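The values are calculated or read from the model by the stated rules, or taken from the named source; none is laboratory data. Here the structure is a predicted model, which is why all the values come from computation and not from measurement. Ideal geometry is used to build each Cβ from the backbone, glycine not excepted, and the neighbour counts take in all protein chains shown.
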Amino acid sequence: MPIQKKETIEQLVIDTLQKGAIATVDLILELHKVRPNTTKQGVYRVLRKLKNEEKVVIHGKLVSLNSNWITNMTEFFSLAQYYYSSKNSGANGFLNIQEKDKIIYHFNNLSLLDSFWSHAFNLLANITSAKEPIFIYNPHEWFFYARPETEKTLVKVLHKKSRQVLITVSHDDPLDKNLKRNFNNDWTQYNITKKKISPNDNYYFNIIGDYLIEVSINTSITKKINDFFKKTETFNDTAKQKLADIISSNGKNKLVISKNSRRIEKYKKMLVKDFFIMK
């Protein structure tokens, strides 16, 4: 008969929270069902430890897994699977595509698109050479306003890896101009272009090594974003809520990840002249 491994309180807490947020009192009751000798003090001690490790978040009487920790773990296992499995297995989706291949994703919500986009961006930044600058083209850099902490953290991580991030935007509204002060060094450069990179304001792209991420946002949502930037001079709490409402609205959005060396070189030539490339 196989010997059952005795689960720790910490593992039981994480397993329980996997199903969603729960009141602390109910969490203790759930743990008692599978581990009768568990004390209330023991549970609170573990919750303090997990909170300090940023694995859980406690709001009043509710406790839940930290979404940032979930994201980090997802990316950790995706990268581990990429490096440990056969490159021809296809198990890692877009990480293993070949030249001229592409994978198309559809999202009915801009928040879901943004979440997956950020996930894909981070993974590709991890598996491609730090010697290659990352090129970002956005009609508006609304991401920095929508999720500033995530964006700042990403910039810091890439900076630590000595990787340049070169951002191009195609509008010069007050909020577009205001962002310039957040990207004021050689590692993260920000340029407002007068060139017409794309005729469509709903088209965004990232170049990460030999990968190309292209995004087409719903046209009505694009109009809302454009109107928001035209009418907003200061990003305060009211503006933050307006932007959150826009991002949460439904509409068909598309994200394509490909390897297309011709298109990548074409875009690089259009963008690179406006930046200082570190050797």
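Summary table below
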{"quantity": "Filtered residues of segment 93-152 (kept if under 15 Å from the mean Cα position of the chain (by Cα), basic (Lys, Arg) and outside any helix (DSSP H, G or I))", "calculated": "Arg147"}
{"quantity": "Members of segment 153-191 found to be among the charged types (D, E, K, R), under 21 Å from Tyr204 (Cα atoms) and assigned to a helix (DSSP H, G or I), listed by number", "calculated": "Asp176, Lys177, Lys180"}
{"quantity": "Filtered residues of segment 240-265 (kept if within 17 Å of His140 (Cα to Cα) and over 20 Å from the mean Cα position of the chain (by Cα))", "calculated": "Lys242"}
{"quantity": "Subset of segment 14-43 [without any contact (Cβ under 8 Å) to a residue 12 or more places away in the chain and assigned to a helix (DSSP H, G or I)]", "calculated": "Asp15, Asp26, Leu29, His32, Lys33, Gln41"}
{"quantity": "Condition check for Ala146: crowded, with 20+ Cβ neighbours inside 10 Å, touching a helix residue (DSSP H, G or I) at 6+ places or on another chain (Cβ under 8 Å) and touching a residue at least 40 places away in the same chain (Cβ under 8 Å)", "calculated": "no"}
{"quantity": "Qualifying residues in segment 188-225 (those that are free of Cβ contacts under 8 Å to residues at least 60 places away in the same chain and under 22 Å from Lys161 (Cα atoms)) - the one farthest from the chain's Cα centre (by Cα)", "calculated": "Tyr190"}
{"quantity": "Flag if Asn218 is surrounded by 17 or more Cβ atoms within 10 Å (Cβ to Cβ), in the same structural domain as Phe143 (by TED's automatic domain parsing) and of a type in the set (S, T, N, Q)", "calculated": "yes"}
{"quantity": "Residues that are among the aliphatic types (A, V, I, L, M), touching a Lys or Arg at 6+ places or on another chain (Cβ under 9 Å) and surrounded by 20 or more Cβ atoms within 10 Å (Cβ to Cβ), drawn from segment 121-143", "calculated": "Ala125, Ile134"}
{"quantity": "Members of segment 123-142 found to be out of contact with any helix residue (DSSP H, G or I) (no Cβ under 9 Å at 6 or more places or on another chain) and among the small types (Gly, Ala, Ser), listed by number", "calculated": "Ser129"}
